[in-house]
Every structure is written in C-alpha cells, then in structure tokens.
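Engineer: What follows is a single structure, and I will ask about it in a moment.
Only the coordinates and a few stated rules stand behind these numbers; no lab work does. Every value quoted in this text rests on a predicted model; they were computed, and no experiment measured them. Methodologically, a virtual Cβ is constructed for each residue, glycine included, from the backbone with ideal geometry; neighbour enumeration extends over all protein chains shown.
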Amino acid sequence: MAKKSEQGERVVLGLKGGGSLPLTLSAGDRDKLFSSLEIGGWIDLDDEDGPVRVDCSQVVYVRSESEEHRVGFGLG
C-alpha cells in the first residue's frame, strides 16, 4: 500500500535515462496512471504541487512508498 498524505498517495516514477519524478496523487489519478502505462501516450495528473503531464512511454518503473517503516527482524 502506498504512503498516504493528507492529499494523496506518494509514488515515484522512474524515467528512461535514470531520472525520477516523485508525485503525490489521488487514488483516481494513481489508477489513471497505472491504466495509461499499459497503453502508453501522454497523461495529465494532479500532483500536490500542481498539474503534471507525463509521457508514459518514458516511465520504466513506478514505486509506491510503503506506509509502514519497520526496524529490526522481530515478528509480530
């Protein structure tokens, strides 16, 4: 599950050439992104800092930041 802020979920897009783009997206925009990655092309998303246009053909990975950060090896 992605880390939720007050305005959305944190995801990082890995881009061809080695760059990355951190975004905070609503659940609807996150779903729109995942659907668009399958078909390619440009997509408009609303990040918490403003609108972003992404060329899905340039995205090589999407990372969702974990809601839980665990320390140690304990089971519980």
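Engineer: I'm checking my understanding of the structure. Among residues of the range 34-61 that are of a type in the set (A, V, I, L, M, F, W, C) and in contact (Cβ under 8 Å) with a residue 40 or more places away in the chain, which one is surrounded by the most Cβ atoms within 10 Å (Cβ to Cβ)?
Structural biologist: It comes out as Val54.
Engineer: Those residues that are of a type in the set (Ser, Thr, Tyr), in contact with a Gly (Cβ under 8 Å, 6 or more places away or on another chain) and either surrounded by fewer than 17 Cβ atoms within 10 Å (Cβ to Cβ) or in contact (Cβ under 8 Å) with a residue 60 or more places away in the chain (or both), I need them from the range 4-33; list them, please.
Structural biologist: Answer for the range 4-33, where residues must be of a type in the set (Ser, Thr, Tyr), in contact with a Gly (Cβ under 8 Å, 6 or more places away or on another chain) and either surrounded by fewer than 17 Cβ atoms within 10 Å (Cβ to Cβ) or in contact (Cβ under 8 Å) with a residue 60 or more places away in the chain (or both): Ser20, Ser26.
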